[in-house]
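As structure tokens, the structure follows; a few thoughts come after it.
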Amino acid sequence: MRQFLSFVKKEWYHIIRDRRTVLILLGIPVMQILLFGFAITTEVKNARLAVFDPSHDEMTQQIKSHFQASERFILTEELTSPHEINDVFTRGKADLALIFGERFAENLRHTGEASVQLIIDGAEPNQASMMSGYAQQILYMYRQELAGEHLPSCRITAQVKMLYNPQGKSVFYFVPGIMGMILTLICGMMTSIAIVREKETGTMELLLASPMKPAYIILAKIVPYFVLSVLNLATILILSVSVLHVSIAGNLILLTAVSLLFIFLALSVGLFISGLVDNQTAAMLASGMGMMMPVMLLSGMIFPVSSMPDALQWLSAAVPARWYIQAVKKIMIQGVGLRFVLKEIAILTAMASVFVALSLKQFKTRLN
């Protein structure tokens, strides 16, 4: 028994000495419970609402107040013309537009019937369906209030229009997310594991002792993964168009350029992770915790970022895949041009620059 306990004690010492592994092993459960507890929600909260109200009468003001009082919607835009509707969706300023007719209140008072138009961003079908349901519920509750007062038989009809994805196909929503996840997996995780494998087996030192410059050695290690990522990108796009019938509404060259930028960023993240760990297991755990899990839960790939708590929304801003998926959705589904994705491109470029600088600093320190 004493011999057994001595072996257990020895194993504990091995675990405790490797602080990075301990941090990963203890950090993963905490991170998972927090992310799964707060990020995974199918509810819609803080959806951006644009309103076109040409009459500005008492009834339309009351309906707007009901929308603002709900935690589901935030009034972000007051439109002065119906021609502004497409623009607010293209600029990402609205998820839903509430359009009143010029004689909404007059029709409701005199005929007992009136209609409003709900224009919804259909790029995310599940979220769009829930927004439509919440909006119609608010309109129904307002009608119930009127029925209890002086308009017992009034009826408000909502005409729903889905932009970008009128058929509500979920594949429109998942293809950009799958692109971000696959490129992250190949570029980030596989690159970090490949380089750490060289360090673990001792061949990295032999490579660095060769006449070739160290930068070229690292570049040679990541080029195959860059090529594989480009091939996977082409495969995803071809299958999306030919099999899943997801048309690319925007510029293919712009989509490719943004994807290449993200591939470069993911490679730099993989290099950075490879400098932090010394074995493949730690590299896999670090990549999974630092890259794959945030991509799945915090990037907006599955769950809307706007429905997350403020702290997680701030955290998601540090996830590169969030900005890539956001840009891909705008280009592929909304068909926007370069000026509408400049924000995402600037953020991805800044992130790539930071991780390249950190990776080079780590690499130089290791050489010294």
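Here VAL246 meets the list (1) modelled with pLDDT of 80 or more; (2) buried (at least 17 other Cβ atoms within 10 Å of the Cβ); (3) outside any loop (DSSP other than H, G, I, E, B); (4) assigned by TED's automatic domain parsing to the domain that holds LYS330 almost entirely, failing just condition (3). When the criteria are applied in full, SER192 meets the requirement of being among the hydroxyl-bearing types (Ser, Thr, Tyr) and either surrounded by 15 or more Cβ atoms within 10 Å (Cβ to Cβ) or part of a helix (DSSP H, G or I) (or both). Anything in the range 217-240 that is surrounded by 15 or more Cβ atoms within 10 Å (Cβ to Cβ) and under 23 Å from TYR164 (Cα atoms)? List them, or say none. Within the range 217-240, LEU233, ILE236, LEU237, SER240 qualify. Among the residues of the range 40-69, just one is among the aromatic types (Phe, Trp, Tyr) and assigned to a strand (DSSP E or B), namely PHE52. Looking at SER274, is it touching a residue at least 60 places away in the same chain (Cβ under 8 Å) and in contact with a helix residue (DSSP H, G or I) (Cβ under 6 Å, 6 or more places away or on another chain)? Here the answer is yes, as SER274 does meet what is asked. For ILE40, the conditions (1) at pLDDT below 85; (2) farther than 26 Å from VAL246 by Cβ; (3) loosely packed, with under 14 Cβ neighbours inside 10 Å are fulfilled apart from (2).
Scan the range 301-332 for residues that are in contact with a Ser or Thr (Cβ under 8 Å, 6 or more places away or on another chain), at pLDDT below 80 and either in a loop (DSSP other than H, G, I, E, B) or under 24 Å from LEU255 (Cα atoms) (or both) and the total you get is 2.
Name the residue, out of ASP310, ASP278, that is surrounded by fewer than 18 Cβ atoms within 10 Å (Cβ to Cβ), assigned by TED's automatic domain parsing to the domain that holds ALA194, within 30 Å of ALA47 (Cα to Cα) and not small (Gly, Ala, Ser).
ASP310
Checking the stated criteria, ALA357 turns out to be exposed (fewer than 15 other Cβ atoms within 10 Å of the Cβ), of a type in the set (A, V, I, L, M) and either out of contact with any Cys (no Cβ under 8 Å at 6 or more places or on another chain) or not in a loop (DSSP other than H, G, I, E, B) (or both). If you filter the range 313-340 down to residues that are aliphatic (A, V, I, L, M) and closer than 19 Å to PHE172 by Cα, you find that the one that is surrounded by the most Cβ atoms within 10 Å (Cβ to Cβ) is ALA321.
Quick check: is even one residue across the range 253-272 aliphatic (A, V, I, L, M), outside any loop (DSSP other than H, G, I, E, B) and within 23 Å of VAL22 (Cα to Cα)? Taking every residue of the range 253-272 in turn, at least one turns out to be aliphatic (A, V, I, L, M), outside any loop (DSSP other than H, G, I, E, B) and within 23 Å of VAL22 (Cα to Cα).
Conditions tested, residue by residue: (1) surrounded by fewer than 16 Cβ atoms within 10 Å (Cβ to Cβ); (2) aliphatic (A, V, I, L, M).
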position	(1), (2)
ASP87	yes, no
LEU96	no, yes
GLY101	no, no
PHE104	no, no
LEU108	no, yes
THR111	yes, no
GLN117	no, no
ALA123	no, yes
GLN136	no, no
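The values are calculated or read from the model by the stated rules, or taken from the named source; none is laboratory data. Being a predicted model, the structure only gives us computed values, none of them experimental. When we count neighbours, we look across all protein chains shown, and the Cβ atoms used for this are built from the backbone with ideal geometry, even at glycine.
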